[in-house]
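Enquirer: Here's a structure for you.
Each value in this text was obtained by applying a stated rule to the coordinates, not by laboratory testing. Model, not experiment: these values are computed from the prediction. As a convention, Cβ positions derive from the backbone with ideal geometry for all residues, glycine included, and neighbour counts pool all protein chains shown.
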Amino acid sequence: MELKDYVRILRKRGWIILLLAALTAAAAFGFSQLQTVEYKSLIQVSVTPERIDNGTLLATKAILRGFRAYIDSENFAAQVIQRLGLDMLPKTLKEKVTIGTVDEDYLIQIEVVDTDGNQANDIARTWAQAFVDWRNQQNTTQLKQDRVDANIVQEPSYSKFKPQTTLNTAAGGIIGLMLGAVIVFFLEAVESNILRAPDDVERALGITVLGAIPTTSDESARSRRARSAA
């Protein structure tokens with residue numbers, strides 16, 4: 001199809017695309033408003049060996065995963081619950097927490113999602129501090145050159161995690177546009193073989209229509225028959 005054909009289709013059925021985009025965007029916005037607001041808090045702990053050399057640094061990267069596995073447990077969650085006096089099970093708390101590593105920066109990253117932003121900060125801070133305390137206690141049993149220190153990089157901060165209302169609404173609008181376009185071009189495909197006007201004939205056959213037989217309405221036909229009978 002040529003550009004003018006697309007313009008013609010948009011002029012004729014563009015309202016379908018716009019309507020569906022508006023409906024799906026509104027539905028996505030409404031769905032977002034019904035969701036419970038949750039916040040994510042983030043804190044990072046730096047893990048550094050006492051002795052700095054290539055071998056020790058490589059070993060530190062390897063043990064980062066071991067540290068992550070140790071603190072990403074229900075036993076560790078129980079310690080955090082005890083420190084904060086939270087009324088929840090370790091399993092429930094652990095489901096709120098995601099722990100990962102940033103190997104190239106020797107960091108353990110703790111993320112907490114909760115409906116209360118301040119509580120998310122408290123959990124993240126306490127979880128990180130419990131890890132630091134554990135490392136300090138372990139270091140007392142090791143030679144100085146074999147110690148691995150852990151330090152909190154900065155205080156945790158929280159931000160809105162969900163719902164992402166703007167993103168959801170935009171995504172809903174885009175889906176509506178795509179769906180509307182599919183419907184419009186489907187309707188055009190169905191009607192492409194139906195010739196209703198000279199323009200349709202010219203478009204289908206690629207020739208110019210020189211003349212057309214005019215249609216006669218039922219009322220005109222009845223009038224002519226009445227005159228003939230008279």
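Enquirer: Which FRET efficiency value, to the nearest 0.05, do you get for residue 133 and residue 65 by plugging their Cβ-Cβ distance into 1/(1 + (r/R0)^6) with R0 = 22 Å?
Expert: 0.60
Enquirer: How many angstrom lie between the C-alpha centres of the range 70-125 and the range 6-39?
Expert: Value for the Cα centre distance between the two parts: 38 Å.
Enquirer: Separate question: Taking residue 96 as the anchor, which lysines have their alpha carbon closer than 19 Å to its alpha carbon, excluding any fewer than eight residues away along the same chain?
Expert: Hits, sequence-local ones excluded: 40, 160, 162.
Enquirer: On a straight-distance basis, which lysines could pair with residue 4 in a cross-link, Cα separation under 29 angstrom, same-chain partners fewer than 8 positions away excluded?
Expert: 12
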